[in-house]
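The values are calculated or read from the model by the stated rules, or taken from the named source; none is laboratory data. Just so we're clear, the structure is a prediction, and the values are computed from it rather than from any experiment. Using ideal geometry, Cβ is built from the backbone for each residue, glycine included, and neighbour counts are taken over all protein chains shown.
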Amino acid sequence: MVLENQIINKYNLTKEIVSFEVFSPTIANKAKAGQFVIVRASSNGERIPLTIADFNSTRGYINLTILKRGKSTNQLGLMEPGQLLNDIVGPLGKPSEIEKFGNVVVIGGGVGIAPILPIIKSLHYEDNYIISVLGAKSAEGLIFTKEIKQYSNEFHICTDDGSLGFKGFVSEFLLNYLKKDNKKINRVIAIGPALMMKAVCSITKNFNIKTIVSLNPIMVDGTGMCGSCRVEVANQTKFACVDGPEFDGHQVDFDLLISRLNIYCNEEDIALKKFMENHKCKMNI
Amino acid sequence: MQNEHLNSKKEKIPRTKISEQKPEERIKNFNEVELGYTEEEAVRESMRCLMCKKPKCIEGCPVNIDIKSFIAYIKNKEFEKALEKIREKNALPGVCGRVCPQEDQCEKTCILGIKDQPVAIGKLERFAADYEKNKNYVKNYKPNNSDEVNNFIKANKITNSNIESIRFNNIKVAVIGAGPAGLTCSGELAKMGYKVTLFEALHSPGGVLVYGIPEFRLPKKIVNDEVEYVKSLGVEIKLNTIIGKTFTIDELFSKGYKSVFIATGAGLPYFLGIKGENLNGVYSANEYLTRVNLMKAYLFPEWDTPIKKADIVSVIGGGNVALDSARTALRLGAKKVKLIYRRSEAEMPGRIEEIKHAKEEGVEMVYLTNPLEIIGENGWVKKIKCIRMQLGEPDESGRRRPLPITNSEHEIDTDIIVIAIGQGPNPVLTQTSPDIMLNKKGNIVTDAVGKTSKKGVFAGGDIVTGAATVILAMGAGKIVANAIDEYIKTGIW
């Protein structure tokens with residue numbers, strides 16, 4: 001019997017990215033593209049927001065794709081099928097705005113490729129012409145390429161080291177694309193590291209193309225209760241957990257976002273170091 | 001004869017002091033500040049009660065605990081009976097004994113208090129609750145027939161206070177939010193025989209009792225015990241469930257719930273709306289306290305959630321939440337903690353006892369001072385620009401209105417700022433139920449017994465009144481429980 005919050009499948013997509021199918025029928029039934037869950041791996045764990053990378057209401061699972069970076073994500077990375085996540089709550093945040101926009105460029109960078117998958121699917125069912133652009137440091141860092149390609153009308157890959165596709169950042173690719181292609185782009189959706197989203201927005205602003213980004217600030221409760229995730233959009237304070245996580249990228253104060261993402265750098269180092277010491281053999285370091 | 005003579009004149013016993021951890025010690029730990037009465041102390045304090053024919057204290061209690069009777073039991077050393085008496089009206093005595101503002105309620109109306117210090121009703125309530133703390137409750141028992149019920153009652157020596165709980169009537173009621181109002185309402189409904197499901201958004205039940213009020217004022221063990229008691233009455237608690245997201249209210253009705261009680265509290269932090277408020281190092285009190293209390297950041301890195309520790313912490317506000325934040329900052333190792341409040345001490349909404357505790361512990365009170373701007377450096381808070389205030393005419397709250405003094409701007413150095421100026425209603429649930437009428441502030445509009453504009457849906461506690469006290473929310477939970485019972489029985493809305 002499958003239990004609620006139980007890991008059904010685990011896929012090591014890259015060295016740093018792991019993907020789980022977690023049995024959570026209630027959330028799978030409710031989830032929409034663009035939403036997230038808050039997860040606690042263990043009973044003394046922190047509450048971390050994870051975008052729902054995919055969901056299947058028939059089979060009752062959600063997909064959580066995780067970049068192993070800090071203590072909590074590394075701890076999650078060690079979990080195996082059969083194990084239970086301590087807590088999952090959601091779906092949280094507002095769903096992506098999905099309608100027939102026309103020609104849509106959807107950009108995913110790094111682990112940010114995962115959350116664009118349900119968005120691309122939804123856009124596809126609304127008959128949009130989808131130009132997907134995936135970026136990673138190198139070819140080994142790319143995830144979900146097959147699935148995304150399946151729903152895309154155009155499919156482009158960028159790698160920083162040029163090991164696959166365009167050599168360079170997704171923003172550089174986008175600039176070239178917009179310059180040379182005379183197709184009218186109705187909307188850009190970009191999900192990835194804050195710096196990537198910032199770079200994309202500075203380009204699309206010049207071309208006057210509405211650009212939606214999904215922000216990933218630090219959260220605690222994820223329900224609008226604490227204000228940890230506050231961001232500034234059009235010079236107004238917003239809570240990413242309830243007002244977002246998606247916002248008009250041209251209005252977002254990315255420097256503030258980046259600054260607030262670094263609040264707990266020292267503490268994260270302490271926690272990760274302690275964790276690594278306790279799990280040396282398992283972590284292969 | 002002489003003794004009798006003395007007795008008839010009632011020897012004056014001074015109010016029994018409660019022992020406390022010394023300030024210099026307690027600021028180094030998160031353990032409870034007040035240590036509670038011993039049996040002797042409790043009995044001694046109970047002797048002070050005048051046993052009034054018409055006890056005013058009961059009128060002063062928002063849930064009308066039969067204070068006179070429970071004190072009489074303590075006097076007779078029948079401590080368990082005392083608790084049973086309290087539990088007739090209050091499912092969370094260990095909590096209320098600790099966090100109720102008794103000076104504004106039962107103790108305010110105590111007749112002894114006219115010429116002397118009132119009876120320490122709160123401390124006695126706490127004593128009765130703690131006395132029984134280690135007793136195990138009967139959990140989630142579901143009988144098939146009345147014989148089973150009777151045998152079970154005999155075998156388990158079940159007392160009056162939870163006897164009704166095992167006679168379920170199979171009518172489902174949903175309660176949203178496992179804070180003081182939700183827990184109380186659930187307990188009352190379960191005692192009436194309803195099958196109650198209590199939905200909680202967080203991973204731990206208790207609401208503000210677990211995320212807001214610090215360990216040193218209300219140990220989480222006490223909250224857990226009282227939650228266990230409510231569960232023992234037959235209430236099922238579903239954690240990690242956000243009504244409005246996981247399910248909507250209409251879905252609850254379609255799942256067979258006959259009535260819904262919204263008790264989601266005041267879970268939306270207010271900010272000042274001044275420049276620099278999103279700098280690193282500026283916290284809402286909700287975040288600061290949630291990290292420490294619910295997420296146990298004071299035990300980092302054994303627990304995963306971090307909190308910023310720094311030498312100078314400034315807390316903005318004058319209520320209990322501000323005081324809790326300031327005292328938490330001290331315990332996290334701050335060398336200097338300032339409480340910046342725009343009015344004076346007399347207008348502070350915080351409990352007198354907590355103000356006293358905060359001062360003893362070394363919190364520096366900066367009165368008549370209002371922040372204008374937060375000044376940062378490299379993304380981190382550095383200073384607060386403030387202006388001095390003076391008190392003018394009373395405003396609509398009856399307190400004297402603070403007015404700025406021209407040319408009194410000045411800067412205060414600080415490493416961390418905690419903003420504790422109040423909380424509003426969290427809109428996550430109400431956004432998905434547009435048929436529930438709200439007022440301008442976003443609070444749910446109800447009638448006197450908690451009926452909302454949506455049939456079958458009741459609301460109570462802070463989501464209706466705005467941020468208030470634990471006991472007022474509990475009082476609302478109780479009124480609503482009776483109203484739900486009446487609604488289900490009569491069908492009249």
For the condition within 21 Å of the chain's Cα centre (by Cα), among the basic types (K, R) and either over 25 Å from A:P91 (Cβ atoms) or within 13 Å of chain B (Cβ to nearest Cβ) (or both), what is the one hit in A:K205, A:K179, A:K183, A:K238?
A:K238
Working only within region A:220-235, note down all residues that are at the interface with another protein chain (Cβ under 10 Å from one of its Cβ atoms) and of a type outside the set (S, T, Y).
A:V220, A:D221, A:G222, A:G224, A:M225, A:C226, A:G227, A:C229, A:R230, A:V231, A:E232
Residue list for region A:4-15, restricted to those being touching a strand residue (DSSP E or B) at 6+ places or on another chain (Cβ under 6 Å) and in a loop (DSSP other than H, G, I, E, B)
A:N5, A:L13
Checking A:Y177 against (1) among the hydroxyl-bearing types (S, T, Y); (2) surrounded by 21 or more Cβ atoms within 10 Å (Cβ to Cβ); (3) modelled with pLDDT under 95, only one condition comes out false. Which one?
(2)
Condition test on A:I203, is it assigned by TED's automatic domain parsing to the domain that holds A:S132 and outside any helix (DSSP H, G or I)?
no
Would you say B:S204 is of a type outside the set (D, E, K, R), over 18 Å from B:N293 (Cβ atoms) and surrounded by fewer than 24 Cβ atoms within 10 Å (Cβ to Cβ)?
no
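A quick yes/no check of all residues on (1) modelled with pLDDT under 90; (2) out of contact with any Ser or Thr (no Cβ under 9 Å at 6 or more places or on another chain); (3) farther than 30 Å from A:P95 by Cα; (4) not basic (K, R):
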site: B:G350; (1), (2), (3), (4): no, yes, yes, yes
site: B:M365; (1), (2), (3), (4): no, yes, yes, yes
site: B:P371; (1), (2), (3), (4): no, no, yes, yes
site: B:R399; (1), (2), (3), (4): yes, yes, yes, no
site: B:I417; (1), (2), (3), (4): no, no, yes, yes
site: B:V428; (1), (2), (3), (4): yes, no, no, yes
site: B:N443; (1), (2), (3), (4): no, no, no, yes
Looking at (1) crowded, with 24+ Cβ neighbours inside 10 Å; (2) over 30 Å from B:E360 (Cα atoms), which is the only condition B:A42 fails?
(2)
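Let's see how each residue does on (1) hydroxyl-bearing (S, T, Y); (2) within 25 Å of B:P301 (Cβ to Cβ); (3) assigned to a loop (DSSP other than H, G, I, E, B):
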{"site": "A:I212", "(1), (2), (3)": "no, no, no"}
{"site": "A:P217", "(1), (2), (3)": "no, yes, yes"}
{"site": "A:M225", "(1), (2), (3)": "no, yes, yes"}
{"site": "A:I258", "(1), (2), (3)": "no, yes, no"}
Inside region B:22-99, counting only helices (runs of 4 or more DSSP H) that do not spill past its ends, which hold 3 or more residues that are β-branched (V, I, T) and either closer than 26 Å to B:L472 by Cβ or out of contact with any Leu (no Cβ under 7 Å at 6 or more places or on another chain) (or both)?
B:67-75
Of the residues A:T14, A:T51, A:T26, only one is within 15 Å of the chain's Cα centre (by Cα) and either among the β-branched types (V, I, T) or assigned by TED's automatic domain parsing to the domain that holds A:I191 (or both); which?
A:T51
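Quick grid of which residues meet (1) within 9 Å of chain B (Cβ to nearest Cβ); (2) β-branched (V, I, T); (3) part of a strand (DSSP E or B):
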| position | (1), (2), (3) |
| --- | --- |
| A:F20 | no, no, yes |
| A:A28 | no, no, no |
| A:A33 | no, no, no |
| A:I38 | yes, yes, yes |
| A:N44 | yes, no, no |
| A:I52 | no, yes, yes |
| A:F55 | no, no, yes |
| A:R59 | no, no, no |
| A:I62 | no, yes, yes |
Of all residues in region B:297-341, how many are surrounded by fewer than 24 Cβ atoms within 10 Å (Cβ to Cβ) and in a loop (DSSP other than H, G, I, E, B)?
15
Do the conditions hold for B:Y211, that is, is it of a type outside the set (G, A, S), in contact with a helix residue (DSSP H, G or I) (Cβ under 7 Å, 6 or more places away or on another chain), modelled with pLDDT under 90 and crowded, with 18+ Cβ neighbours inside 10 Å?
no
Is region B:391-398 home to any residue that is under 30 Å from B:T246 (Cβ atoms) and of a type in the set (G, A, S)?
no
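A quick yes/no check of all residues on (1) within 14 Å of chain A (Cβ to nearest Cβ); (2) touching a His at 6+ places or on another chain (Cβ under 7 Å); (3) at pLDDT 95 or above:
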| residue | (1), (2), (3) |
| --- | --- |
| B:A190 | no, no, no |
| B:P205 | yes, no, yes |
| B:N224 | yes, no, no |
| B:G234 | no, no, no |
| B:K258 | no, no, yes |
Of all residues in region A:261-285, how many are in contact with a Leu (Cβ under 9 Å, 6 or more places away or on another chain) and either assigned to a helix (DSSP H, G or I) or modelled with pLDDT of 90 or more (or both)?
2
Within region B:271-296, how many residues are among the charged types (D, E, K, R), facing chain A (nearest Cβ under 9 Å) and either farther than 24 Å from A:V39 by Cα or surrounded by fewer than 20 Cβ atoms within 10 Å (Cβ to Cβ) (or both)?
2
Note: among B:V260, B:V292, B:V315, just one is under 26 Å from B:A181 (Cβ atoms) and either outside the structural domain of B:I479 (by TED's automatic domain parsing) or of a type in the set (D, E) (or both), namely B:V292
Looking at region B:213-234, I want the residues that are within 12 Å of B:D130 (Cα to Cα) and have a partner that is not in a helix (DSSP H, G or I) with Cβ atoms under 7 Å, at least 6 apart or on another chain. Which pairs are those?
B:P219/B:E32; B:V223/B:G206; B:D225/B:K133; B:E226/B:A91; B:E226/B:L92
Can you pull out every residue in region A:94-119 that is over 13 Å from the mean Cα position of the chain (by Cα) and either within 14 Å of chain B (Cβ to nearest Cβ) or at negative phi (or both)?
A:K94, A:P95, A:E97, A:I98, A:E99, A:K100, A:F101, A:N103, A:V104, A:V105
